[in-house]
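What follows is a set of notes on a single structure, which appears directly below.
The values are calculated or read from the model by the stated rules, or taken from the named source; none is laboratory data. Values in this document were obtained by computation on a predicted structure and should not be read as measured data. Please note: Cβ atoms are built from the backbone with ideal geometry, for glycine as well, and neighbour counts cover all protein chains shown. Note: accessible area is taken over every heavy atom of the protein model, side chains too, but ligands, DNA and RNA are not part of it. Shrake-Rupley method; radii C 1.70, N 1.55, O 1.52, S 1.80 Å.
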Amino acid sequence: MYRSRLVSLALACLFVWVTACYNYTPIGPGEVGYYGKVRVWTIDGEREVISDPRVEADSLKGKDASAISLFQVAEIEGMNLNTEQTVIAVGTIVAAAVAVGFIVANLVSCSPTNDFMCP
């Protein structure tokens, strides 16, 4: 199966965006409403990711029907956008794309028909 360079570049950018742009920081139960996703560690050592979290009575609930008792919660982490790592990742991708572009342009200009231009 043949995949174009543009699709490969898009997949590489997606991988870097997903891995570098987000991180989790510890938060308190009263702060869960400010986050779209939270990661909850229970006292049993289990981990669960909750989308659209909210605290109702003595439970932490999310978009799905699951609820975790606040007495069972060991730690809550909120997902944040890490702008510093995002800028570094995007800058690296752009620099690599420019370098590849220059190499390809040099190879094309040094084709057998334009041999007089190459060193």
* Within region 31-57, can you find the residues that are under 25 Å from Ile88 (Cβ atoms) and open to solvent by less than 70 Å² (accessible area, probe 1.4 Å)? -> Tyr35, Gly36, Arg39
* Members of region 20-30 that are open to solvent by less than 80 Å² (accessible area, probe 1.4 Å) and within 17 Å of Leu81 (Cβ to Cβ) -> Ala20, Cys21, Asn23, Tyr24, Thr25, Ile27
* Asked: So Val55 clears everything in (1) part of a helix (DSSP H, G or I); (2) at pLDDT 75 or above except one condition, right? Which one?
  -> (1)
* Asked: Do we find a residue being at pLDDT 85 or above, outside any helix (DSSP H, G or I) and closer than 30 Å to Val73 by Cβ anywhere in region 1-21?
  -> no
* From the residues in region 58-94 that are over 23 Å from Asn23 (Cα atoms) and either modelled with pLDDT under 85 or in contact with a Lys or Arg (Cβ under 7 Å, 6 or more places away or on another chain) (or both), which one is least open to solvent (accessible area, probe 1.4 Å)? -> Ser66
* So Ala99, is it modelled with pLDDT of 80 or more and either open to solvent by 70 Å² or more (accessible area, probe 1.4 Å) or not in a loop (DSSP other than H, G, I, E, B) (or both) -> yes
